[in-house]
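Readers should treat all values here as calculations from the given coordinates under stated rules, not as data from a laboratory. A quick note: this is a predicted structure, and the numbers were derived from the prediction, not measured. Don't worry about glycine lacking a Cβ; one is built from the backbone with ideal geometry, like all the others, and counts go over all protein chains shown.
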Amino acid sequence: MAEPDAKGATASGASAGPAKAPRPQNPAMRMMGLPNIRMKLPSRNWCIFWGVIGTWTAAVQYDRYEKRRIHRKYAKLVEHIAQEPLDAQQLPRKLSIYISAPPADGLVSAREHFTEYVKPILVAAALDWDAVEGRREGDVRAGLAERIRKLRYKRGEKANEPIELGTEDDIEELRQRAGVKSWNGPAGDIVVGRHTWKEYVRGLHEGWLGPLDPPAPVQLPAELAAPAVEPAPTPVSAPAPTEAAPEALAAAGTTIHSSTTDDASPTAIPEAKTEEEKPKDEDKKDKKKKQPPPFNTTADYEHSAVAPTCPRSLGPAAIVPLPHLLGFWNFPIRIYRYLNKRHVAEQVGRETAAAVLGAYRPFEAAGQAASADDSSAQWEQQGLLAYEEPDWHKSAKDRKDDDGKERVWLDDMVLDPRIAERMKRFVLEPEAEERAKTIDTSSDKAWFKSLWPAEKKKPLWEGLTDDE
């Protein structure tokens, strides 16, 4: 029985054959002290790992390259504005940036969006800007409406109470005395995000259709208002307390403090804050700036008259998208957007470049048969960036704690025809579009060009002698 096993083992060994000798190492490599590296394909798991890593890295780098290329295209499109001369007695053009924290998020994300997409184009054109920021819903609406009310007050409209002007208004008066002129053309606004755009439109209507004076506070009925009873003053020479004294003091509205362990007299001591405690509580309340309520409502538009100082053409605006999506279950969509930032850079760069170049047109009505006098007309302003609203977090759409207050983000956008027809929008002219297509977007800082740096040109005066 042992013979077949031995024969079978011998046959299997003969079929396998002798192992191949390792390939001799290159003598040059051996002389350099390098080991004999055997080239072979990695295993299946390593191939999968490096394939995933390489694909992700290539997708991210390609998107970043395209995004930088788009930034360079629009930056070169507007960089000639930085070279234009400016009169010494005239202020430069200044844009107004309206930015607000996205729903259910902080202001940092909106600021980063502005810094990444909008700011490079403004810096290339050497334009100045000021920002109106909102940390919560309604801040941009209140800030824009307050700006318009101050402008109306300075133009001669009277209010029951004088409006306090800030330091900027004092500086403006000094400039006027010195003969410095303001910018003679429309400055323009840049609005970031759909939620900010809704507040911007609401603030325009509140500023130009609302009153200059704040609304009167709502007074409660006499039955609901609690009567305020002042504590009776304690005389200096008070008589000795009796058994009926606590009841009399309690009827007068004075709090009685008693203690079983205290040996002091049971005289009633009025409960009041000391002078040192009051300023501390008031300072804490003053530090938290409250948002002023709106001076009118959307239902008051048709019954309100346009301010006499309202111009026939309001300043143009550029509406910049702000894609913002939260939630763990939305991570596939968020990854897709992370790998396609170049599309956002194209949209934002186009709108920002249009604002810098200054060409604009009036907003149009959505319906062809709709007229400006029809209050039910659907305007172009209502549909801008409407696709961003479904991405808002569900916590921002909750109306449980409204208490009847206005929700600008959730309410439908209401437009008055008298204001809607005066609004303008920045556009990129066809000539500018054709010029943008012919711009060379190659970067001199590419890694393959850095291997062969360009020769630096010597100045003309280098190497010249005194005689020459």
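So the values come out like this:
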{"item": "Other-chain or far-sequence residues with amide H under 5 Å of residue 320's (modelled H)", "result": "191, 192, 193"}
{"item": "Among 144, 212, 201 - extreme Cα towards positive end, dipole of region 53-212, charges at beta-carbon", "result": "201"}
{"item": "Net charge over other residues, Cβ less than 13 angstrom from the Cβ of residue 341 (K, R count +1; D, E count -1)", "result": "+2"}
{"item": "Rounded, prolate or oblate (a/c below 1.5 giving rounded, otherwise prolate when a/b exceeds b/c) for region 171-221 by Cα gyration tensor", "result": "oblate"}
{"item": "Over 20 Å between alpha carbons, listed pairs 198/397; 94/158; 154/405; 76/181", "result": "94/158; 154/405; 76/181"}
{"item": "³J(HN,Hα), Karplus 6.51/-1.76/1.60, whole Hz, each residue of region 41-50, x for Gly, Pro", "result": "6, x, 6, 4, 5, 5, 5, 5, 4, 5"}
{"item": "Protection proxy ranking of 298-309, 317-328, 164-175 - average other beta-carbon atoms within 10 Å, highest first", "result": "317-328, 298-309, 164-175"}
{"item": "Environment charge at residue 314 (Cβ cut-off 9 Å; Lys +1, Arg +1, Asp -1, Glu -1)", "result": "+3"}
{"item": "Rounded to whole Å, sorted largest first: equivalent-ellipsoid semi-axes of region 9-107, Cα gyration tensor", "result": "67, 24, 11"}
{"item": "Per-peptide average of other Cβ atoms within 10 Å, ordering 56-67, 20-31, 354-365, 379-390 highest first", "result": "354-365, 379-390, 56-67, 20-31"}
